[in-house]
1. Which pairs do you get when a residue that is open to solvent by less than 50 Å² (accessible area, probe 1.4 Å), found in the range 1-22, comes within reach of a residue that is of a type in the set (A, V, I, L, M, F, W, C) and part of a helix (DSSP H, G or I), reach meaning Cβ atoms under 7 angstrom, with the pair 6+ apart or on two chains?
2. Filter the range 102-113 down to residues that are free of Cβ contacts under 8 Å to residues at least 60 places away in the same chain and either over 16 Å from residue 200 (Cα atoms) or assigned to a loop (DSSP other than H, G, I, E, B) (or both) and give me whichever is most open to solvent (accessible area, probe 1.4 Å).
3. Kindly list the number of the only condition in (1) surrounded by 18 or more Cβ atoms within 10 Å (Cβ to Cβ); (2) touching a strand residue (DSSP E or B) at 6+ places or on another chain (Cβ under 7 Å); (3) touching a residue at least 24 places away in the same chain (Cβ under 8 Å); (4) of a type outside the set (A, V, I, L, M) that fails for residue 70.
4. Residues of the range 301-315 being free of Cβ contacts under 8 Å to residues at least 24 places away in the same chain and part of a helix (DSSP H, G or I), which ones?
5. Can you name the number of the only condition in (1) in a strand (DSSP E or B); (2) over 22 Å from residue 169 (Cα atoms) that residue 96 fails?
6. For the range 274-326: of the residues being open to solvent by 40 Å² or more (accessible area, probe 1.4 Å) and among the aromatic types (Phe, Trp, Tyr), which is nearest to the chain's Cα centre (by Cα)?
7. How many residues does the range 236-259 contain that are surrounded by fewer than 17 Cβ atoms within 10 Å (Cβ to Cβ) and under 14 Å from residue 222 (Cα atoms)?
8. In the set 272, 307, which member is touching a Pro at 6+ places or on another chain (Cβ under 8 Å), on the phi < 0 side of the Ramachandran plot and not charged (D, E, K, R)?
Amino acid sequence: MKIIKHSYGADLNWVEPFAKQFDGKVEGNFIIIPEESQAGIRYFLDCGDGIVAYYLDVEYKKNFHLIQKNDSHDFVGFYYNLTDGEVTVSGDEFMYDVGRWQYNLAVIDGALESIYDVKTGSKTFALCIFIKKNRLEEFTKKNNIVFENIDQIVDSKKNTMIRFDRMSDETFHLLDDLRKLKPGGPIFNLNLVGTVHMLISNYLKKLASKRIIIQTVNKSDLANIINCQMYLIQNIKEPFPSIKLMANKANMSESKFKNLFRKITGKTPSIFFMDNKLLLSKDLLEKKQLSITQISDQLNFTNNSYFASKFKEHFGMTPKSYLKQL
């Protein structure tokens, strides 16, 4: 196991020391790590306004034990983590499994130490956003987010921010769209900055409206709902399974299942399923390997007309128009 002791921050002072800990180097905005340790991309960008973005799309070739002890405590880290593999993050008073199907969003105060353990073979796609605490209040005002007591929330003497949550479906697809772009250059940077601002804004709106609900849900129930989300995604090409079947899989009554699924995802099971089916259809259209009819059949839409109407309802144009736009 390789042990890494490092720091993050809402400036770029941490980048060079971080690269050296991995026996790596910095080239432009890329952190280059030896291939015997990992394969993939680590990219950082100063987004201005006291915000730094750190983008990872890597596969680990060794077990890593990363100890994060920040030199500066003047920031909050937003960690959007879609890892497939075995990963835990822990501190003095918490320990969580993280990744796409676990807790995939963490908001951790820069004042806190944390340990990130990742197993060989794990594939991490993550976007870490570091924002200075004194900029959070300005950010809420700039984006018209009505937030009571924001000054106390960002005051380390009165409050230490730490939350583990599940990202919304919209957030997941924002990250998925970003992942389709090749890192580096002005176009990627523009998209990265835009994604960063949208993610921070979305989360603060969610926090301001008190819709952070994961901590209020029984862990067993949460795990069962996440397993149902996984099941729906894995069977996305099939017709929607019945609520009765899904409730049985979750070991809940139908009413409890529907209420809890909506509470955690913000959507009904059928809407969650259809939205993800339509996003897959969009990806298939972009690849230009299948016709509209073939995509409609492959994804088990009733017919082409139904597929076209649902696609237009979701994206504002028909599949045919979208292909022309491509």
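The values are calculated or read from the model by the stated rules, or taken from the named source; none is laboratory data. Treat the numbers as computed from the prediction; the structure is a model and nothing was measured. Cβ placement follows ideal geometry from the backbone for every residue including glycine, while neighbour counts extend to all protein chains displayed. Remember, those area values only see protein heavy atoms, side chains included, never the ligands or the DNA or RNA. Shrake-Rupley method; radii C 1.70, N 1.55, O 1.52, S 1.80 Å.
1. Here the result reads 6/18, each pair linking the range 1-22 to a residue that is of a type in the set (A, V, I, L, M, F, W, C) and part of a helix (DSSP H, G or I).
2. Applying the first criterion (free of Cβ contacts under 8 Å to residues at least 60 places away in the same chain) to the range 102-113 yields 106, 108-109, 111-113.
With the extra rule that they be either over 16 Å from residue 200 (Cα atoms) or assigned to a loop (DSSP other than H, G, I, E, B) (or both), the set shrinks to 111-113.
Details: 111: 43, 112: 50, 113: 99 Å².
Selected residue: 113.
3. So the condition that residue 70 fails would be (2).
4. Once the filter is applied, which keeps residues that are free of Cβ contacts under 8 Å to residues at least 24 places away in the same chain and part of a helix (DSSP H, G or I), the range 301-315 yields 304, 305, 306, 308, 309, 312, 313.
5. (2)
6. In this case the residue turns out to be 315.
7. Qualifying residue count for the region: 4.
8. Working: 272 fails: touching a Pro at 6+ places or on another chain (Cβ under 8 Å).
Being touching a Pro at 6+ places or on another chain (Cβ under 8 Å), on the phi < 0 side of the Ramachandran plot and not charged (D, E, K, R) holds for just one of 272, 307, which is 307.
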